[in-house]
1. At a Cα cut-off below 18 Å, give the aspartates and glutamates reachable from Lys720, other chains included and same-chain residues fewer than 8 away excluded.
2. For region 604-616, in order, what is each residue's ³J(HN,Hα) by Karplus, 6.51 cos²θ - 1.76 cosθ + 1.60 with θ = phi - 60°, in whole Hz (x at glycine and Pro)?
3. Mind pulling the per residue volume of the convex hull built on the Cα atoms of region 218-264? Å³ is fine.
4. With everything on Cα atoms, drop me the angle between helix 787-807 and the longest principal axis of the chain, reported from 0 to 90° to the nearest 10.
5. Please report, in whole Å, how far the alpha carbons of region 487-559 spread along each principal axis, starting with the longest.
6. Between Asp623 and Val521, what is the label-point separation in nm under the 7 Å Cα-to-beta-carbon projection?
7. Given R₀ = 45 Å, what would the calculated FRET efficiency be for Ala696 paired with Lys262, taking r from the Cβ atoms and rounding to 0.05?
8. Fully extended, how many nm does the chain gain between Lys720 and Ser194 (0.36 nm per residue separation, minus their Cα-Cα distance)?
Amino acid sequence: MSSERTPLIAKVRVAEPRPRYPHAVLRRFCTVALASILIWFFIGVAISMTLLPDGSSHHHHDDKWTWPGHPKRKLSYEQLQRVLLDNPSSRRAEEWSRYYTAGPHLAGKNYSQAVWTKNKWEEFGIKSDIVSYDVYLNYPVDHRLALLEKEKHAHGASTWKVSYEASLTEDVLDEDPSTSLPNRVPTFHGYSASGNVTGPVVYVNYATYQDFEDLIRANVTLKGKIAIARYGGIFRGLKVKRAQELGMLGVILYSDPGDDGKNTEENGEKSYPDGPARHPSSVQRGSVQFLSVSPGDPTTPGYASKPGVPRQPVDTAIPSIPSVPISYLDALPILKALNGHGPKADDFNKYWTRNTGLQYKGVHYNVGPTPDDVVVNLYNEQDYVYTPLWNVIGVINGTIPDEVVVVGNHRDAWIAGGAGDPNSGSAVLNEAIRSFGEAIRQGWKPLRTIVFASWDGEEYGLVGSTEWVEDYMPWLKDATVAYVNTDVSVRGTYLSPNAAPLLDNVIHAVTAAIQSPNQTVPGQTVHDVWDKRIRTMGSGSDFTAFQDFAGIPCLDIGFTARSDEPVYQYHSNYDSFHWMEKFGDPGFVYHRTMAQVISLITAQLADLPIIPFRAADYAHALDRYVKQVEDKLDEALSPSTELTTAPLLNDEAYFELRSSTRKSFASLASSSSDSSVESFKISLKRLHEALRKLTARATELDKHADELKQKLEQHVPWWKWPAKLKLGSKIREVNTKYKYLERSFLFEEGLDGRPVFKHVVFAPGLWTGYAGAVFPGLMESIDAQDWTNAERWVDIIESRLKNAAHRL
Ligand SMILES: *[C@@H]1O[C@H](CO)[C@@H](O)[C@H](O)[C@H]1NC(C)=O
Ligand SMILES: *[C@@H]1O[C@H](CO)[C@@H](O)[C@H](O)[C@H]1NC(C)=O
Ligand SMILES: *[C@@H]1O[C@H](CO)[C@@H](O)[C@H](O)[C@H]1NC(C)=O
Ligand SMILES: *[C@@H]1O[C@H](CO)[C@@H](O)[C@H](O)[C@H]1NC(C)=O
Ligand SMILES: *[C@@H]1O[C@H](CO)[C@@H](O)[C@H](O)[C@H]1NC(C)=O
Ligand SMILES: [Zn+2]
């Protein structure tokens, strides 16, 4: 409880779990004891005096009156914005990037980087602390991957001959010092199982749920075999999860250059460090945790990993079969060993021939399995330990005690470098914090408290952030307005936000206020060159526990790479400072821009008197999501659609379709006459009905907020303090409604089979992991053809929509 919390956070007001009806609380405040009235009065005074323009920014003297004893705001919002736009520097961002990428910083392995980060933030003027948890992690010990062929000798004897020994390492490059560090991190998978397995190989495409279904339909034996799968599309741990469920012995994951876009060696581009293509030896490390089921420390689902807490078995959260990541160079001999065995990828359907990029190297993409005399030996040894990891938490106290904005980025990386993932974000966050420090020096104090976080252990499964959220859950649920995340802040030039719909407005407003580094058209803003797409929240970074466990609206933002930009060699040694400097962001100009973006987003959320949410955007998004559910149902019930013949889709739609757990469309179509399907279809109308009410209420609230905003901008003479006070308390009321809106969509029991996920609107797709699913309870029930459960979810969602409308 609060006494166990670290001192810094203990000083921030920690509230009891929020009662169900905030209105009742407000009413009590206003009506019960004199003491309460006084408290309310003084909060009202404090807020109204801080909120209302007092003229200090305009250097007029007629309206400089402030409430006696209350510090006058020294920086107006416009002045704050100026500081935050002027301060971030490319040169500094480059300096921070150089520091973070100088040595390995695997989760729980680099305390000095935590201390350095804390010291920097304090130097910038932000009080900071290190908050640690004892978590379950693995570190690599040994591994081997070899192709073995049986040699027959005279007299009928036979021996196994090693026909290929995989290097499992990445080449050292003279130009890139990160690649030759003596203590660089070996290639391995976070949370992978130790094991030594030998067997024939099967090529399983992207290892999506439907890839495995296609193999089963084609009678390809999976049990007792080793899978070789290409990376891409879905979270890697879910590839291993399905292979394990189907009785496979182990999994090899490789990076196919066909997924790299236009910059490939096949297209005549040189590979890194001479050009933009992937280095053939580059290996994507990464976690194989079952992320969509249970992120965070797998031994403490739902509670924080404090020393001495009970630990749960891990078998539902991490794999029991071994896996290794390899380069395409190491994959070639294995893929070629499959040539001529079993069906070919093009015998299946077009989902199997998408982006196959190694034909020119002699790979035919046969599925296999290889005959019994051609096998692979996969040996993986991991050391599992309980070890501390270190989040760095910095706080700027605001004027309003129970409104908080959290801003975070992770610090740990799979490699010594990590200039993109995550340290472009760390450099950006440091620049944002330095800029806020400068504002504080100029006398600024935010309205709302700002908490900055440098998370550890993100890469293994969002461990540092998840444990922290679990630790501070009641306080976070009570006080948090929003969580702002940046992970890979820069890997290209293409702005790519994910956000809860409440925050769409903030992204538009902020990007329109910031110059793009691309000045092809002089004066163009980040907003001008952005495609205006905001994706839904899935998983794959530290916002997950905030959004899906705590019901806090989140956004996650960075510049990603287009298919014609240099290939970002994710989780490999080539995500290094040298790559960033030469290919990713020469001059670190996009780093500077992202620091401005993060700073301004934070400032809008923490310092605008009225929280800049749009409730109507949420209501409209919910309406679109219900339509998506209806479309999915229609598509599923139409006998003419087949999973294998639907038109080729963009990446997201492709992997959403291929991650569906539907057995076949035919069986669904036959059940369409079923009365329970009809009843489910009709029940969806109730959601539209509830949404009509919510939309009306949401639109009203936004309108009311706009009116208050206009009133704020009007000049109010000091002697009209009762009017100021009234306005302050009205603003407080609107802000409270905005703050708790997202929380209305939590369901305490959680999603089917994954109780830690409590949000009924957003979750990572069960079999995609990264991509966000909307109304997961409904979508999964349709896939499972469980119409009773589907109706149960309609009830759950409907009651949440009604409750949300009621609270507005
Ligand atoms: C924030 O305010 C609390 C009092 O409410 C105080 O104890 C704490 O030291 C302050 N923290 C910072 C970082 O200023
Ligand atoms: C920790 O990180 C720093 C800065 O990147 C690096 O210089 C140092 O070698 C790392 N320490 C360890 C123990 O890996
Ligand atoms: C793995 O198992 C094989 C037998 O299947 C054995 O020959 C080999 O020595 C084992 N490797 C290790 C590193 O234990
Ligand atoms: C798979 O095996 C079943 C039963 O042995 C057979 O009926 C079916 O035709 C086979 N399918 C293919 C694609 O070979
Ligand atoms: C730069 O801006 C121009 C004009 O808006 C646009 O056509 C171009 O695609 C942009 N280039 C990049 C790399 O963003
Ligand atoms: Zn990351």
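The values are calculated or read from the model by the stated rules, or taken from the named source; none is laboratory data. Because the structure is a prediction, the values reported are computed rather than measured. All Cβ positions, even for glycine, are placed from backbone atoms using ideal geometry, and neighbour counts span all protein chains on display. Just the protein is used for accessible areas: all its heavy atoms, side chains included, with ligands, DNA and RNA removed. Shrake-Rupley method; radii C 1.70, N 1.55, O 1.52, S 1.80 Å.
1. Cross-link targets: Asp54, Asp62, Asp63.
2. Using θ = phi - 60°, the values come out as 4, 6, 9, 10, 6, x, 9, 4, x, 8, 10, 5, 5 Hz.
3. Enclosed volume per residue, from the Cα hull, is 88 Å³.
4. 20
5. 44, 24, 15
6. Computed distance between label sites Val521 and Asp623 equals 3.0 nm.
7. 0.40
8. In short, 182.1 nm is gained.
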